[in-house]
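The values are calculated or read from the model by the stated rules, or taken from the named source; none is laboratory data. Note that this is a predicted model, so its numbers are computed, not measured. With ideal geometry, Cβ positions are generated from the backbone for all residues, glycine too; neighbour counts draw on all protein chains shown. Protein only, heavy atoms only, side chains kept; ligands, DNA and RNA dropped before computing areas. Shrake-Rupley method; radii C 1.70, N 1.55, O 1.52, S 1.80 Å.
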Amino acid sequence: MRFGFPAGLFGEAMDFSALELATDDQEFLDRTRQFLAANVTEELLYREHETGDGLIEDLHLAMGAEGWLEPEATNAKDGGFTPVQRRIWDLERRRAKVPLVTWGGTLMILKAVRQFGSPELLDEVLPGVYGGEVRFAMGYTEPEGGSDIATCKTRAVRDGDEWVINGQKMFTSGAHNCRYIFLLTNTDPTGRRHRNLTMFLVPTDSPGLEIQGLRTVDGERTNISYYSDVRIPDRYRLGEVNDGWAVLNGPLTAEHGAGGADPVGLADIATMGSFAALMAESADEVATQADIGDGSAAYRLGRAHARIEAALSTPGIFGRVAIAQTMRDVAPELMDVLGSAAALPSNAEHLYRWAPLVGIYGGTIDVFRNMIAQYILGLGRPNYSLPKSASQL
């Protein structure tokens, strides 16, 4: 059976899932499954679902204590997971439904911290990251800035060996469970765009920092963070003053899915591949519940699955757009095919609430379409000026 359809309904499907692993990799797979089976419980998953935190702290700390986090955060040449081990670890956590929002963000930021942090700062944060106690939240978006984070108005003013920060950030997801916020600030309001920004790691226990929870329509918790005369030592600065865009570029590229293909070919081909897999699982469930004898339902489900397969096969930043748009288009179809059962909690019902948000993670779909047009297709910058009136034509 493929996607929940009986074999033969849409053609015979081949199974490419069987793979004989090398002895070391098989032992790694067995150890991974044993760890997850012992530490991922229905109670923990339900608690995370209720909180919408994107993190199960007890599980994350157990991963750190048993040595899973450091090799995941380290290149293979430096003693981290091999590409095969990394893929096994990724897939098994997905199958176990482990929430990875906070840890995934931490890994994106960690590369910039390693590259631009002082030795003193690295000594402070790296052991905690590997142990699971230290996590990072992204502090980019502002209430009036939307996807254009370079319009940053959060101010950082130097005062001797300290910085005083004032401002506000939206969507600092995970900040309530993180030790630091990877914060974008404006350090030269009269400076040239992109050359007036400085990045900091701001400890979340800093006086003057307030984190206020905000629940989204799909049940996730994100945060608004307020900075009122927050003072931090200069050692928490990342990179040079007014060169924050260079520091931010790596995490942004990773979040946008514009970093190029995995040279080994084992990683997801698009940054939202795990989201697309959940979409496919939701469609699978609907297929098992729907009346496939109804030609209309079979046609609509077949069309939905074809679109999901196409989205899963689209690489890079193109795949990011394809997956987000497909989720928006397929989710209502699945709900409609389910009929009255769609009112009950299910993966499909959650997908319907979640799909609009996926289209704005890290920037809206239209922002990414403009990036594709401008930087890949060479079509130039978009023109947002008001159209000329008829009298001016």
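The relative contact order of the chain, computed from alpha carbon pairs under 8 Å that lie at least 6 residues apart in sequence, is 13 percent. For the range 190-254, what does the alpha-carbon gyration tensor say about shape, rounded, prolate or oblate, given a ≥ b ≥ c as the root eigenvalues, a/c under 1.5 as rounded, and a/b over b/c as prolate? Here the range 190-254 falls in the oblate category. Among Asp268, Asp229, Asp30, the largest mean-square fluctuation in a Gaussian network model of the chain, built with springs joining Cα atoms closer than 10 Å, belongs to Asp30. Packing here is the average count of other Cβ atoms within 10 Å per residue, and on that basis the peptides 81-91, 53-63, highest first, run 53-63, 81-91.
Answer rounded, prolate or oblate for the range 121-275, using the Cα gyration tensor with square roots of eigenvalues a ≥ b ≥ c: rounded when a/c is under 1.5, else prolate when a/b is larger than b/c, else oblate. Each step should come with its number before you reach the end.
Details: a/c = 1.42, a/b = 1.33, b/c = 1.07.
Because its axes are fairly even, with a/c under 1.5, the range 121-275 counts as rounded.
The lysines within cross-link reach of Lys111, meaning a Cα-to-Cα straight distance under 18 Å and a gap of 8 or more places when in the same chain, are Lys77. Note on Gln26 and Ala65: the model spin-label points, each 7 Å out from Cα along the C-beta direction, lie 3.2 nm apart.
Per-peptide packing, taken as the mean over residues of other Cβ atoms within 10 Å, places 105-116, 165-176 in the sequence 165-176, 105-116 from highest down. Show which aspartates and glutamates lie in cross-link reach of Lys153 when reach means a straight Cα distance below 16 angstrom and same-chain residues fewer than eight apart are skipped. Result set, ordered by chain and number: Glu142, Glu144, Asp188, Asp229, Asp243. Taking the inverse of the mean reciprocal distance over all distinct Cα pairs, the Kirkwood hydrodynamic radius of the chain comes to 23.0 Å.
Taking packing as the residue-averaged number of other Cβ atoms within 10 angstrom, the listed peptides 185-191, 320-326 run from highest to lowest as 320-326, 185-191. For Tyr375 and Ala310, a Förster radius of 30 Å and the Cβ-Cβ distance give a FRET efficiency of 0.85, rounded to the nearest 0.05.
Anyone know which of Ala270, Ala343, Ala287 comes out most mobile in the 10 Å Cα GNM of the chain? Maximum among the listed residues: Ala343. Projecting the Cα atoms of Val217, Gly191, Ser274 onto the charge dipole of the chain, computed from C-beta unit charges around the Cα centre, puts Gly191 farthest toward the positive end. For the range 134-228, what does the relative contact order come out to in percent, with C-alpha contacts under 8 Å and a separation of six or more? It comes to 30 percent, rounded to a whole number.
Kindly express, to the nearest 10 degrees and within the range 0 to 90, the angle between helix 83-95's C-alpha long axis and the longest C-alpha principal axis of the chain. The angle comes out near 70 degrees.
May I ask you to give the solvent-accessible area per residue for the chain, in square angstrom, as obtained with a 1.4 angstrom probe?
On the way: 20080 Å² over 393 residues.
About 51 Å² of surface per residue is accessible.
Across the range 26-131 the C-alpha pair distances fall into 5 Å bins from zero in the proportions 2, 11, 21, 24, 20, 12, 7, 3, 0 percent. Just the protein heavy atoms count here, and of the accessible area of the chain at 1.4 Å, carbon and sulfur take up 53 percent.
Here, the range 322-370 has an Rg and a Dmax of 12.0, 39 Å when only alpha carbons are counted.
When a/c is below 1.5 the answer is rounded, else prolate if a/b is larger than b/c, else oblate, so apply that to the range 146-224 with a ≥ b ≥ c taken from the square roots of the Cα gyration tensor eigenvalues. In terms of gyration-tensor shape, oblate.
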